[in-house]
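J.: Okay, here's the structure, questions in a sec.
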Amino acid sequence: MQFETKRLWIRNYRADDWEAVHAYASDPLVTRFMLWGPNTVEETKAFIANAILAAEQNPRTHYELAVILKENGQLIGGCSLVLNGTNGEIGYCLHPEFWRKGYASEAGAELIRYSLEERGGHRIYATCRPENTDSAKVMERIGMKKEGHLREHLYSKGRFHDSFLYSILIQNG
């Protein structure tokens with residue numbers, strides 16, 4: 001599976017992607033708002049192995065995808081789509097060298113397009129920690145609307161976490 005946007009290829013992970021993924025997945029700056037990480041080498045390799053297995057499922061409902069710069073073929077991050085009937089959840093994580101350049105918005109918009117147009121989705125949602133204002137801006141930029149503030153609904157890294165919830169709906173008719 002591969003999507004193409006103006007500046008990106010979004011494709012299934014390959015086993016040899018682990019080093020590029022580990023370059024950002026092991027970074028405490030990158031993972032400070034995530035419920036996972038910073039990753040060990042073993043955790044990153046396990047993530048890649050699980051992503052490859054998910055790509056082989058039929059029907060496929062879980063997409064963990066590499067984000068690649070078209071200009072040079074460099075893996076700069078990842079994005080995800082999890083489908084559950086007509087609902088879907090998206091996520092994204094990029095190497096900090098590529099933050100604030102519109103790549104997360106470009107990848108997120110493509111996942112929304114695929115889910116709503118090609119998979120018959122109706123509602124796509126995403127969450128971020130309230131402190132992660134850059135991620136909230138990405139969601140707003142791609143047309144998502146803030147639905148609410150989920151208080152202490154997730155437990156990770158030894159404490160409870162809040163999330164902002166955003167979504168977008170396909171307009172029927």
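J.: Quick one: which of 149-156, 61-68 comes out on top by average Cβ neighbours within 10 Å, and what's the full order, highest first?
T.: So the order, starting with the most tightly packed, is 61-68, 149-156.
J.: Next question. Eight or more residues apart or on different chains, and alpha-carbon atoms under 19 Å: count the Lys pairs in the chain matching that.
T.: Taking the Cα cut-off of 19 Å, the pair count is 6.
J.: Need one word for region 57-138: rounded, prolate or oblate. Basis is the Cα gyration tensor (sqrt eigenvalues a ≥ b ≥ c); a/c below 1.5 gives rounded, then a/b vs b/c decides.
T.: In terms of gyration-tensor shape, oblate.
J.: Something else about it: Excluding ALA49 itself, calculate the net charge of residues whose Cβ lies under 13 Å from the Cβ of ALA49, where each Lys or Arg counts +1 and each Asp or Glu counts -1.
T.: After counting each charged neighbour, the total is -4.
J.: Another one. Hey, for a label at THR5 modelled as a point 7 Å past Cα toward Cβ, could you say which residues of region 67-86 have their backbone N under 17 Å away?
T.: Only 67-82 pass the distance filter.
J.: Just to verify a number: FRET efficiency for ASP27 and ARG119, C-beta to C-beta distance, R0 = 30 Å, to 0.05?
T.: The pair ASP27/ARG119 has a calculated efficiency of 0.40.
J.: Related question: Once you keep just the Cα pairs under 8 angstrom separated by 6 or more residues, what percentage relative contact order results for region 2-121?
T.: 25 percent
J.: Next question. Read phi for every residue in region 23-39 and hand back ³J(HN,Hα) as whole Hz from Karplus 6.51 cos²θ - 1.76 cosθ + 1.60, θ = phi - 60°, with x for Gly and Pro.
T.: 4, 9, 5, 9, 8, x, 5, 5, 8, 4, 9, 8, 8, 10, x, x, 7
J.: Related question: Remind me, relative contact order of region 130-172 in percent, using alpha carbon pairs under 8 angstrom and six or more residues apart?
T.: 37 percent
J.: Distance from the Cα centre of region 31-53 to that of region 94-110, in angstrom?
T.: 19 Å
J.: What does the helix-only formula give at 222 nm for the chain: each DSSP H stretch with n ≥ 4 adding -39500 (n - 2.57), the total divided by the residues, and the result rounded to the nearest 500 deg cm²/dmol?
T.: When only DSSP H runs of four or more count, the value is -8000 deg cm²/dmol.
J.: Using Cα-Cα distances under 8 Å and only pairs 6 or more residues apart, what relative contact order does region 50-173 have, in percent?
T.: Relative contact order, region 50-173: 17 percent.
Values in this text are rule-based calculations from the coordinates and carry no lab data. All figures in this text were calculated on a predicted structure; none of them were measured in a lab. Here Cβ is always computed from backbone atoms with ideal geometry, including for glycine, and neighbour counts include all displayed protein chains.
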